[in-house]
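Just below is one structure, and these are the notes that go with it.
Please treat every number below as a calculation from the coordinates, not as lab data. Note that the coordinates shown come from a computational prediction; the quantities given were computed from them, not determined experimentally. Counting neighbours? That spans all protein chains shown, and the Cβs are built from the backbone with ideal geometry, glycine included.
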Amino acid sequence: MTLADRALFTVLIIASFAGMFYTREALSQGTEVIIEVSGKPVFTASLDLDRDVPIEGAHGRAGVEIRDGKVRMKEAPCDNHICMKQGWITRGTIVCLPNSIVVIAGGGVKKDVDAITG
Amino acid sequence: MQLQDKRRIAILSAYALALHGFEALLPSPIPWLRLGLANIITLTALILFGFRTAFTITLIRVVLGSLFAGTFLGPSFVLSLGGGICGTCAMGAMLGISRKFFGPVGLSLIGALFHNGAQLFLAYWIFIQRIEAVIFITPVIMLLGTLTGFINGIVSDILIKNLLKKEPDSLHNVAQA
C-alpha cells in the first residue's frame, strides 16, 4: 500500500462520515406534514403553518390540526380514537386504521430501495 | 488482438463471472449492497494486462452476468453497466496518469467511488428523480463502497504480487509495458 492509498482511504472514510452527519442535519428538519388516505397522499403542508385540515377518510370526515410545529388528530369518526389519544407529534406517524388515514410528520426522505444493482 | 489476449480475456472473464455470481449468493444485511468481488479481476487485469483487457472483461461480465441473472436490459443492468464502465475507466485513467502514485488499493477505492457515483447519477437521472433521496443515500453508499473497495484492493494486491512471483517470465514484460 502506498502512502497515497492510505491517504485516499482516510479521506474517503472521513468524507462519508461527514456527509452522513451533514445530510442528517440538513434533512432532519423536515417540517412537512403528509396526510395519506388509502396510501395516496391527499395533503401536504408545512408544520409551521397553523391550520385545521378536514380529511375525508374511508368512514367519514376526520380532522387534523396543525399548530406550533406539531400535528394531532383532532377528531376521527371511529370508535376507539387511538389516533386522537396519541396526541401531538412533531415527528413520526399517526395512523387511523379504520379510516385508512396516515399522518406523517417531519418526513421528507424515504430510504426506499428502488433497484438492486449487480 | 492476439490469440493469447483472447484466451486471457476469456479466462479472466470466467473468473469475474464466477465471483459475480458467487457474491449474489452471499447473504447480505442490505439487499442492494454488493461486495464488488468481480472488481478484483478487473483491477488485476488492468494492472497486469492493460486497460483494453480490463474493459473487455467488464463488458463481458456485466452482459453475461445479467443474462444469467435474468436482468438483461433491465434497470439493474443499466446501473451495472454504467457503474462498471465508469469505474473501469476511472481506474484506467488514474493508472495512465501515474503507475507509482496509487497502488491497487488506491485504484480500487477510486474504482468503487466512480462506480457508485455513476450508479447514483443513473439512478437519479432515470429512475428516482428525487434529489433529496439521492443526497441522503450518497454518504452511506460512499462509506460502504470505500470499505468494500479497500478489501478488494488488498485482495488484488496480494493476487498481483503472487502472480508476478509465480510467473515472472510471462507477466513481467506485460506489467512493465
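Below are the figures for this structure:
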read-out: Using alpha-carbon coordinates, inclination of helix B:51-69 to the longest axis of chain B, degrees; value: 50
read-out: Sorted by Cβ density within 10 Å, fewest first, the residues B:155, A:42; value: A:42, B:155
read-out: Proxy reagent accessibility, fewest Cβ within 10 Å first, across B:80, B:66, B:98; value: B:98, B:66, B:80
read-out: Calculated [θ] (222 nm, deg cm²/dmol) that DSSP helices of n ≥ 4 give over the protein assembly as shown, each run adding -39,500 (n - 2.57); value: -20000 deg cm²/dmol
read-out: D_trans [Stokes-Einstein, Kirkwood Rh over alpha-carbon pairs] for the protein assembly as shown, 4 °C, 1.567 mPa s, µm² s⁻¹; value: 59
read-out: Neighbour-count ranking [beta-carbon atoms within 10 angstrom, fewest first] of A:90, A:31; value: A:90, A:31
read-out: Tail fraction, Cα-Cα pairs, chain A, threshold 25 Å, whole percent; value: 40
read-out: Pairs of alpha carbons in region A:42-111 whose separation is greater than 13 Å (percent); value: 60
read-out: On Cα atoms only, tilt of A:3-28 relative to the major axis of chain A in degrees; value: 10
read-out: 21 Å Cα cut-off, lysine pairs counted over the protein assembly as shown (separation 8 or more, or different chains); value: 8
read-out: Cysteines in chain A lacking a second Cys C-beta under 4.7 Å; value: A:78
read-out: Most mobile of B:151, B:85, B:97 in a GNM of chain B (Cα contacts under 10 Å); value: B:97
